[in-house]
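Student: I'd like to ask you about the structure that follows.
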Amino acid sequence: MTNKGFLQGMEMLGEMYEKFAFVLQDEKKASLWRVMLNPLSDEEFKAAVLYHIHTNRFAPTIADIMDSKAKVTANSYTPEEAWAIVYTDISKRGFYDEPTYKDWRLEAAKNAIGWNTLCDLTDYTIVGTRAHFMRIFQSLQERERVAEITGSESAKGILGELVGTLAASRKAPTCELEK
């Protein structure tokens, strides 16, 4: 993120939230905010700031801005949307026509449970399987988010291993962490 982009976003927050102006006035706090938000691009930061302003009454924390960025720039389905896609494909395609999904998280969650298990759903197992699928999907999203935010090589390594193991299919999807 450029200094100009950072200052514009911070000034917007200072104008909208009276209690936020102290961050801009304290050089140490402003510097810490700059360091912590540095992984964001100017566009991502501006979008996150605007989203926060439109959806929250109170001044943000750094975590609020990162959460807003994740919501605004989401390149994935929600767990509920992912389940709906898989559940629809179970009905349409059936046991012998397993789909391969472009979204690696969707593919990995499907593979973690297994297409055979998904196709064998009954009235007694559907609720638990749906919940399990959505927890797996959400966990994969969170793992990706941690790797992206922290830039940690070990987190990226674990994520790469998950992609290679769980999302391995006829056409293995890729996980793009680098921008």
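Student: Quick one: pull the percent of accessible area on the stretch 44-179 belonging to carbon and sulfur, 1.4 Å probe, ligands and nucleic acids left out. Don't jump to the answer; show the numbers that get you there.
Tutor: Values: 4260 of 8070 Å².
Looking at the stretch 44-179 in its full context, I get 53 percent from C and S.
Student: Pairs of alpha-carbon atoms within less than 8 angstrom and 6+ residues apart define the contacts here; what relative contact order does the stretch 1-159 have, in percent? Present the calculation step by step, with values, prior to reporting the outcome.
Tutor: Details: 113 pairs, mean separation 27.0, N = 159.
Rounded, it is 17 percent for the stretch 1-159.
Student: For the stretch 92-154, what does the relative contact order come out to in percent, with C-alpha contacts under 8 Å and a separation of six or more?
Tutor: Numbers: 24 pairs, mean separation 20.5, N = 63.
Relative contact order of the stretch 92-154: 33 percent.
Student: Which entries in 4/102; 19/156; 69/92; 69/102 show an alpha-carbon gap greater than 32 Å?
Tutor: Numbers: 4/102 36 Å; 19/156 37 Å; 69/92 35 Å; 69/102 23 Å.
4/102; 19/156; 69/92, as the Cα separations exceed 32 Å there.
Student: Quick one: helix 79-93 against the long Cα principal axis of the chain, what's the angle to the nearest 10°, folded into 0 to 90?
Tutor: Its long axis makes an angle of about 20 degrees.
Student: At 1.4 Å probe radius, can you tell me the per residue accessible area of the stretch 1-101 in Å²?
Tutor: Details: 6440 Å² over 101 residues.
On a per-residue basis, 64 Å².
Student: A follow-up question, please. Starting from the Cα gyration tensor of the stretch 39-179, take the square roots of the eigenvalues, sort them a ≥ b ≥ c, and report rounded, prolate or oblate (rounded when a/c is under 1.5, otherwise prolate if a/b is larger than b/c, else oblate). Before the final figure, lay out the partial values.
Tutor: Details: a/c = 2.55, a/b = 1.70, b/c = 1.50.
Cα axes put the stretch 39-179 in the prolate bin.
The values are calculated or read from the model by the stated rules, or taken from the named source; none is laboratory data. As the structure is a computational prediction, the values presented were derived from the model and not from experiment. When the accessible area is computed, the model is the full protein with side chains, heavy atoms only, and any ligands, DNA or RNA have been set aside. Shrake-Rupley method; radii C 1.70, N 1.55, O 1.52, S 1.80 Å.
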